[in-house]
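Inspection log for the structure reproduced underneath, given as C-alpha cells.
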Amino acid sequence: MIVGRGPSALAALLLLCCYTTHAAAADLADKLRDDSELSQFYSLLEQNPVANATLSLRSCTIFVPTNEAFQRHKGPTHVLYHITTAAFSKDQLEKTVSSDMAGNPPLYITKSRNGDIYVNNARIIPSLSVELTNREGNRQVMHIIDEVLEPLTALPTAKTEINNLDALQFIQKADQLSVGDNKLRTYRSQLALMKKESLYNAPGAHTFLLPVDEGFKITTRSSLVDGKVIDGHVIPNTVIFTAASQHDEPKTSAAFEDQLKVTVSFFKQKDGKMYVKSNTIVGDAKHPEGVVLSEIVKANIPVKNGVIHLIRRPLMIIDTTVTQFLQSFKDNGENGALRKFLEVIMDSGGAVLDGINNLSEVTILAPSNEAWNTSSIDNIVRDRKRMTDILNMHIIKERLNVEKIRQKNANMIAQVPTVNNRTFLYFNIIGEGADAKITVEGGGVNATILQADVAQTNGYVHIIDHVLGVPHTTVLGKLETDPMMSDTYRMGQFSNFNDQLNNTQRRYTFFVPRDKGWQKTELDYPSAHKKLFMRDFAYHSKYILERHLVIADHVFTMKDLAQMSLTTDNVVLPTFRDSLKMKVTEEAGRYVITWNYKKINVYRPDVECTNGIIHVIDYPLLEEKDIVVSGGSYMPESSICIMLANLIMITVAKFLN
C-alpha cells in the first residue's frame, strides 16, 4: 500500500507532468533497480508518481530499507516518509529532517557513540550510502537502512485528517490512531486534572513515556499520578528511539530539581523485550526513592515534537508489595520480566510466595527469564523440596538496596543471611561509580545484578542473571571467577595445579583459603608468603595446594564432616599425595576446622560446583615448619626429607661400589 501526499508532493507531481515522458530514468532510480537487495522498496517506489517525480527532478535524500527489513515489517509502507527534499550526506544530517509525507512530519537523526547513525529507529548501514547528481543537475543521496520507517497514522475509521501531531494532540486523539489496543484515557484525565498540557505540546524534541490504561488496574493508582509524576514521564530535549538508546544510561527527567530527582533509562532483555525504568534518586513524602520498571508495549511512535513510547504501568509510583509485584507478571503472560521466576515459585507449591507475603521487610534476588534456560535447572525443578530450598536462597529478611550493600561492603565482602538462616549470600562490588558491577554468590553460583533497587512498599527486588544454588561451573571455573578466591587461583595457575580441576570425572572437596587468609600468612611468614606466589617456587606452591584438595568418589559437605567428627578425634580425608586429618565442629552457628591444633573458621561452607564442592576458609592449612627458607629459596619439610633420603642412598651406593 502506498499512502501520503502533501503540498510539496503535489508540486513534484506537476513538475513530472511537465517533464518529457521520453526522458531517461533518474540515476538514483537506476541504482535502486539494479540492486536486488532493495527490490521491494523499488517496486513500491515505481508505483508512486510523486516519489518518481522527486527522483527525476529534485534534490533529495532517500532512506531505503533492505528486503530483509521488509520481511520483519507489518502493515503499509509510506514511501514518501522515506524521502526528504534536500540532499544530506551522513555528515550533513542534522538532528531532524523533514520528510516528504503529508504534513512533512520530521525524521529524527541519532548519532551514537560508536559512530552508528539512526533515522528514527532504523540504522544507516555503513559504507552503502550513495551520492550522485541527477540529469537535472540536482544532488541526491541514498542511505540504506535496516528497518522500514513507520510514521504515526490514523485508523481507517478516523473522521478527521490527522497529520504531524505533537505529543499532546496524540494523547487527545489516541482513540483515533493506529496504536493497537492501547488506551490512554486514565493518563489523559490526570494530565488535564494536573494542568500539565504545556509539557506535551512544548516545541523541540523530547521523549514521552505514556502509561496505558492497563497499568491502572489498581484503582487507587491514578490518584497518585500528580504533576511531579507526570514530569517524571518526560525526558526533555532528548529523543530516544529504542534501537539507538544507550542501555541503562540514566537520563534526566523533567522531574529533576533540588527536592526531587528522577532519572529514566532504557534496557533490553535477552529475549528482545524493551523496558524503561525510573529511578527516584532523591524522593519526598509522596515520591519514595527507588526504581520502578515498566515494559514498553508499543515503542517508537514519532510525533512533531519527539517520540512516544507506550508503557505498561506508570513510573515513579511505588504502591505494591513484593508479593503483588511478582504476581503482576502472571497477568502479563509472556511479557513479564520475571514470569519464569513466578512460575517456578507456584510450581513448587506456592509456600515460598506465602513466606514472602508474611515478611514485613524483604529483598528478593529474582533470576531473569533467561537465567532459567539451562539444562542443569531442568533436572531440579521437578524436585519440589530442593527447589523450595533454592528459592529460599533468593530471599533476604530485610530491605537491602544498593546503598546498604555498599555500606556492608565498605571493608569486606558483604555477608547476608537468607530466610534459611544457615545459608548466606556474599555481595561484592567490582569497579566504581556508574561502571560498578554488583555480584552476589549463593550456593556456589556467582550472579550479576542486572537491575537493582526495584522498589516495593515493603522491600526491594534485584534482577540477577543466574539462579543461585544451581551450580553451572566446575571447581576451576568457580575458582577463576570468584573474587574471594583469586589468590588461590593465581597460585594454582603458575604451578599447574589448576589443570586437574576441570575434570568432571572426579569429585573434589577443596578447602580454599580466601584472599584475606593468604594476606594473614604474609604477616605470619612474610618471606615464605612472598615465595609462595613466585614462579620459581611453583613446585612448593603446588605441594601446599595439594594438601587442601580432597579427592574421593563423593564430596564432603561441612555437615558431613561435623557428623564424622562426632565419632573420632580426627577425620582422615584422602588427598593427592597423602591424607588430611582434621576435626570439624559447629560453634555459634558457624563451622570451625581444627587442624594441627589450629582453629580455622569456615567463611563460606558448601560452595557447590559441577564436579565437587568448595569450602572457603579463613586461613591456609599451613605452618611455619612446612617451609624452610634459606639462601633465597625454600622447601616444604617433606621435600627436604625426600632429598636427604636420596642423598643417603647415593652415598650408600658409592660406598658399596
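The values are calculated or read from the model by the stated rules, or taken from the named source; none is laboratory data. Remember, it's a predicted structure, so these values are computed and weren't measured experimentally. Note that each Cβ is placed from the backbone with ideal geometry, even for glycine, and that neighbours are counted across all protein chains shown. To get the accessible areas, we keep the full protein, side chains included, count just its heavy atoms, and leave off ligands, DNA and RNA. Shrake-Rupley method; radii C 1.70, N 1.55, O 1.52, S 1.80 Å.
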Between Asp284 and Asn358, the two model label points (7 Å from Cα along the beta-carbon direction) sit apart by a distance in nm of 4.0 nm
Over region 356-486, with neighbouring protein chains present, the accessible area per residue in Å² at probe 1.4 Å is 41 Å²
The lysines whose Cα lies under 17 Å from the Cα of Lys111, excluding any fewer than 8 residues away in the same chain, are Lys90, Lys95, Lys251
A 1.4 Å probe over the protein heavy atoms gives the chain a carbon and sulfur accessible-area percentage of 49 percent
Taking a straight Cα-to-Cα line shorter than 20 Å from Lys270, and setting aside same-chain lysines fewer than 8 residues away, one finds Lys298, Lys330, Lys340, Lys437
As straight-line cross-link partners of Lys530, the qualifying aspartates and glutamates (C-alpha separation under 16 Å, not fewer than 8 residues apart within one chain) are Asp487, Asp515, Glu522, Glu623, Glu624, Asp626
Length gained, Arg72-Gln415, 0.36 nm per residue minus C-alpha separation, equals 118.7 nm
FRET efficiency (Thr448, Asp116; Cβ distance; R0 25 Å; to 0.05) is 0.45
In deg cm²/dmol, rounded to the nearest 500, the helical mean residue ellipticity at 222 nm of the chain, built from -39500 (n - 2.57) for every DSSP H run of length 4 or more, is -8000 deg cm²/dmol
Counting only backbone N atoms under 16 Å from a point 7 Å out along Cα-to-Cβ of Ala158, the residues of region 175-204 in range are 175-184
Computed over region 40-147, protein heavy atoms only, probe 1.4 angstrom, the accessible area per residue in square angstrom equals 41 Å²
Relative contact order of the chain (C-alpha contacts under 8 Å, at least 6 apart) in percent is 7 percent
Regression test value, accessible area per residue of region 206-301, probe 1.4 Å, units Å², expected 40 Å²
Restricting to Cα pairs under 8 Å and 6 or more apart, the percent relative contact order of region 547-606 works out to 29 percent
At the level of C-alpha centres, the distance separating region 152-181 and region 332-410, in angstrom, is 42 Å
Bridge orientation stat for the chain from DSSP, antiparallel percent rounded to 5, came to 75 percent
With +1 on the Cβ of every Lys and Arg and -1 on the Cβ of every Asp and Glu, the dipole magnitude of the chain about its Cα centre, in debye rounded to the nearest 20, is 600 debye
Under the Karplus relation with 6.51, -1.76 and 1.60 and θ = phi - 60°, whole-Hz ³J(HN,Hα) for region 473-478, x at Gly and Pro, equal 9, 6, 4, 5, x, 5
For Val445, other-chain or 5+-apart residues with amide H closer than 5 Å (H placed, Pro excluded) are Gly469
The summed charge of the Ile301 Cβ neighbourhood (under 13 Å; Lys/Arg +1, Asp/Glu -1) stands at +1
Here region 445-459 yields Karplus 3J(HN,Hα) values (6.51, -1.76, 1.60; θ = phi - 60°; whole Hz; Gly and Pro given as x) of 10, 8, 10, 9, 6, 7, 9, 9, 6, 6, 7, 10, 5, 10, x
Net charge (Lys, Arg +1; Asp, Glu -1) of residues whose beta-carbon lies under 10 Å from that of Lys516, Lys516 excluded, is -1
Short to long, in 20 Å steps from zero, the percent of alpha-carbon pairs of the chain per bin is 16, 36, 27, 16, 5, 1, 0
Here region 80-91 yields Karplus 3J(HN,Hα) values (6.51, -1.76, 1.60; θ = phi - 60°; whole Hz; Gly and Pro given as x) of 5, 6, 9, 10, 10, 8, 8, 8, 10, 6, 4, 5
Counting sequence-distant residues (5 or more places) and residues on other chains, those with an amide H built under 5 Å from that of Ile464 are Ala366, Ser368, Leu450
Interchain or sequence-distant (5+) residues whose placed amide H lies within less than 5 Å of the amide H of Val297 are Leu310, Ile311, Arg312
